[in-house]
Amino acid sequence: MSIVDNVYKMLCKLEETMPEGVSASDIGTVLNISRSNASRYLNVLYKENKLEKIQGRPVLYRSTVKNSSHQLESDTYSLDKMVGSTSSLAVSIQKAKAAVLYPPRGLHTLILGETGVGKSMFAELMYRFAIESMVLKEDAPFIRFNCADYADNPNLLTAQIFGVKKGAYTGADANKEGLLKRAHEGFLFLDEVHRLSPQGQEMLFTYIDKGFFRPLGATDAVEHANVRIIAATTENPQSYLLKTFTRRIPMVINLPSLRDRSIIERHALIETFIKEESLRVNKSIYVNKNSFIAYLLYDCPNNIGQLKSDIQLACAKAFLNYKSNNDNYILISQSDLPNHVIKGLMKIKYHRKEIEQILCSTGDILKFSQDKKDRIFISDEHNNTEDFYSSIEKKLESLKNIGIDEKEANEILNIDIETRFQKYIGNISDKFRKEELSKVVDMKTLEVVEEILLLAQQSLKKEFDEKIYSGLALHLERSIERIRRGEKIYNPKLNFIRVNYEEEFLFATKIAKLIDNKFGIEIPIDEIGYLAMFFSASSFMSNVEETGKVRVLVIMHGKTTASSMADVANSLIGEEYAEALDMPLSMKPETMYDIAKRKVLEIDEGKGVILLVDMGSLNSFGDMIMEDTGIECRTVDMISTPLVIDICRKAIMGYELSEIYDSTVEKNFQANEKIRKNNKRTNVIISACFTGEGSSKRLIKLIEEQIGSEGQVKLIPINILDSISFMKRLDEMKKRYNILAIISTMDMDTGHIPFIPAIEILDGVGIYKIKEILKEEEMFFKIGKSLNDHMLAVEGEEVADKVKYVIRNIEKELSVKVSNDVKMGIALHISFLVDNILNGNEPKSFENLSEYKAAHRKELMLIKKSIKPLENSYSISIEDSELAHIVKLFLMNNTSV
């Protein structure tokens, strides 16, 4: 058979799972030939009218004769319908056919392969092939037996296969026919044959060599049977047992593991299994594209068997959601997948090219039906002259037609306008000049486009190539037609375009007036967003080869803080770009560091990683990871959602790591300087002495020498000879200053303000305490600024300041001490608790609350006392379950001895 015939045969086979058409890359991957050669052979077949060509990127081919002799042959034999029959299983199937057809009675066969590769199914298909080839009669038996079922009882195992004579062993009170006899004129499939006892093996070899056997307990009489034996095992082919088997059984077939099969075959297997489930529930099943990709890439050690089980599990979860929510469709999303399957998405960067080739013509949702081969629900295909938002509207309409509301549809589509725009521009020929365009675009439109681009060149200071000219002309022609017909123009990412392409959007607004006047129409604001995309495009947009980019990793304290922020950022930028790691309060920094280091190693594309953290020990992760791995890292602290969005946008656009970091640090510095200048409450430390302000000033001088200008703290001396006037003055100062600590030669109750004995200043302990207070103050200052982006019912800085005093009181009342990292987590916990209560959210439950209250009655009482001022400030009441959580956080993280 010639190579061209092989290409045609392979295309016909691939059409079974790719009805939309097969590309040259598909053929090249399967036949292990170059794409250019595959394209040449496909064009030969096209010229012979055996194929039809579907223009697009990539070009697809379909056979023109649907009932060819090849397809008839493929449809005739069950073995040829197996996924991989022309690639990974081609040799195995050829051997299987030879074993069945070999005269006069075929060959006994040994099938080798790991658990779950499909040995049982392969044996059954060999049996079906024998019937289809008329080697066996239609009613020929196929007996299946797993030797492992009786491995603990060798006598019973042998008796099951060969039969037993009465009295052979205790309990054998009658003659019993074995499976070998029952399989006469058919097949006996012995799975896990290595579990046979040595006696059973010898009896089996006797039958294989001589064609007869003796039932267990028989001495003289032998029995004959005409049976083809297929044995299967997971044992290593080099083991002593299998060496014996391979000497006695002439035909040995190796079935490949799932990891050794191509991604195209895995795709076909997944499709087959989902269709089976569709048939079972008698309803079409829709699959989120990312979920499908996860199944294509995840580690599946137990092979096809596990793959099928994992798919059934997801289908079952999706079906439950369908029933419980009274939905109109069964949709498998990522939340329905087992965790080990979802991890497959982490490998996408290593297989991106293969995935794009296989799923290039699919949309965001794939449909699998029990009675249709067409698996594609939404297609991204569009012809070269179609306006690029038409496909978006069609996809949205398709989702609505099956009952998905507009909000959910937008979430599913997750449209990346920039990517779609680049595809649209990329599909326009470089040779599409004005004379060719005039055949499909009105001359007036072309003249207006020329005028627009000249104005854009002057206003935006950038050049626009032929692709932009052609694309804008084709787009504008369609837009004018739609507007005149009164059709709605929908832009799901309008706000994203407006924010990220501000200058281009403003220019597009002006140009819209020009178009209105020229054509007597009114350009809607959604269309202005699309026009802005053309003005933001660079001349090399569609031709830049994709290279590695700076990756973004968000790490924050709390159970969902980082992932929530990353999810919001990814949703707004239209791409799953920001990675997230959440650090529970109970997790040690060392553990989080190991997790972060592994994540950096996983996501790095050679351009470095920027770590976005909140505060505390996370600040040092970037330098440590860079030293341990050699991967260039930068760390930005005190992040907010807008900051994550801005950094992700720059990374996606190809900014270098240093550019992103420097611009972010500069922006933060300017913002912090502005904040500090506007901060009216100065940080102060009070030195109070009975002996007059002279002693206080000497203490202050010692402190200044040790801490310098650290923290921008003002040091104020006060005489406390009159305690009443001192307390009055202290109350007045609280209104004007943020009092960090009071230093005195006498012990005094300063409430929530930290007290430091003067003697500790002299021995250095006090200086250490002051520095720790300054660090803590800076931390709470940053917490307050960060919370401003997340609080709905309270001001972030205000609640953080109040929570600071609550935490200090709790430490004092419970006689505990927690580290700053833990303190930060507790501060975030209490701050969000206040905001949630004011927003009417339900309190968090606490397991075995009654028992915990009984065991920690004193601690709960003291916590309630400490947190009372916070409740009064916001007129709220904190439930016992929430108080128990706070007690647990302090007690679990107590570092005091």
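The values are calculated or read from the model by the stated rules, or taken from the named source; none is laboratory data. Here the structure is a predicted model, which is why all the values come from computation and not from measurement. Glycine gets a Cβ as well: all are built from the backbone with ideal geometry, and neighbour counts include every protein chain shown. For accessibility, only protein heavy atoms count, side chains too; no ligands or nucleic acids. Shrake-Rupley method; radii C 1.70, N 1.55, O 1.52, S 1.80 Å.
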Inset, instruction - Please work out the average accessible area per residue across region 206-293, using the 1.4 Å probe convention, and give it in Å². - result: 44
Inset, instruction - Give the residues of region 190-211 whose amide nitrogen is closer than 17 Å to a point set 7 Å from the Cα of residue 246 in the direction of its Cβ. - result: 193-194
Legend entry - Derived scalar couplings ³J(HN,Hα) [region 467-478; Karplus, 6.51 cos²θ - 1.76 cosθ + 1.60; whole Hz; x for Gly, Pro]: 5, 5, 4, 5, x, 5, 4, 4, 5, 5, 4, 5
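Which value, in debye to the nearest 20, describes the size of the charge dipole of region 26-168 about its Cα centre when Lys and Arg Cβ atoms bear +1, Asp and Glu Cβ atoms bear -1, and nothing else is charged? Kindly include the intermediate steps, with their values, before the conclusion.
Values: 18 positive and 13 negative charges, 80 e Å.
My answer is approximately 380 debye.
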Inset, instruction - Provide the solvent-accessible area of residue 526, counting protein heavy atoms only and rolling a 1.4 Å probe, rounded to the nearest 10 Å². - result: 30
Legend entry - Percent accessible area from carbon and sulfur atoms, region 780-897, protein chains only, probe 1.4 Å: 49
Legend entry - Largest-first ordering by accessible area, 1.4 Å probe, given options 124, 776: 124, 776
Legend entry - Gyration tensor verdict on region 137-246 (Cα atoms; rounded if a/c is under 1.5, prolate if a/b is larger than b/c, oblate otherwise): oblate
Legend entry - Nitroxide proxy distance, nm - points 7 Å out along Cα→Cβ at residue 239 and residue 325: 4.7
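What FRET efficiency would be calculated for the residue pair residue 175, residue 279, taking the C-beta separation as r and a Förster radius of 45 Å, to the nearest 0.05?
The computed FRET efficiency comes out at 0.55.
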Legend entry - Principal semi-axes in Å for region 204-354 [√(5λ), Cα gyration tensor, largest first]: 45, 21, 12
Inset, instruction - Just reorder 816, 91 by solvent-accessible area, largest first, 1.4 Å probe, all chains present. - result: 91, 816
Legend entry - Solvent accessible area, Å² - residue 798, 1.4 Å probe, full protein context: 90
Legend entry - Among the listed pairs 308/353; 9/243; 812/853, those beyond 30 Å (Cα-Cα): 9/243
Legend entry - Translational diffusion coefficient (Stokes-Einstein; Kirkwood radius from C-alpha pairs) of region 580-659 at 10 °C, 1.306 mPa s, in µm²/s: 121
Inset, instruction - Measure off, as a whole percent, the carbon and sulfur share of the 1.4 Å-probe accessible area of region 220-284, all protein chains present. - result: 48
Legend entry - Rounded FRET efficiency, nearest 0.05, which uses the C-beta distance separating residue 659 from residue 857 and R0 of 41 Å: 0.10
Inset, instruction - Amide H neighbours of residue 739 under 5 Å, at least 5 residues apart or on other chains, H built in the peptide plane: list them. - result: 684
Legend entry - Shape category assigned to region 789-897 from the gyration tensor of Cα positions, a/c cut at 1.5: oblate
Legend entry - Virtual spin-label span in nm between residue 865 and residue 263, 7 Å along Cα→Cβ: 6.4
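Largest first, how would 248, 266, 598 line up by accessible area (1.4 Å probe)?
Ranked from most to least accessible, the order is 598, 248, 266.
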Legend entry - Computed FRET value (nearest 0.05) for residue 121 with residue 146, which takes r as the C-beta separation and R₀ as 22 Å: 0.95
Inset, instruction - Label region 125-176 by shape, choosing from rounded, prolate and oblate, from the square roots a ≥ b ≥ c of the eigenvalues of the Cα gyration tensor; if a/c is under 1.5 it is rounded, and otherwise prolate applies when a/b is larger than b/c, oblate when it is not. - result: oblate
Inset, instruction - Report the paramagnetic label zone for residue 847: residues of region 580-622 whose backbone N is under 18 Å from a point 7 Å from Cα along the Cα-to-Cβ axis. - result: 584-587
Inset, instruction - Report Rg/Rh for region 768-812, rounded to two decimals, where Rg is the Cα radius of gyration and Rh the Kirkwood radius. - result: 1.04
Inset, instruction - List every residue whose amide H lies under 5 Å from the amide H of residue 718, counting only residues 5 or more places away in sequence or on a different chain, with H placed 1.01 Å from N in the peptide plane. - result: 687, 688, 689
Legend entry - Separation of the residue 778 and residue 139 label points, Cα + 7 Å toward Cβ, nm: 9.1
Legend entry - Alpha-carbon centroids, region 143-183 and region 786-834: separation in whole Å: 73
Inset, instruction - Could you pull the accessible area for residue 682 with a 1.4 Å probe, rounded to 10 Å²? - result: 60
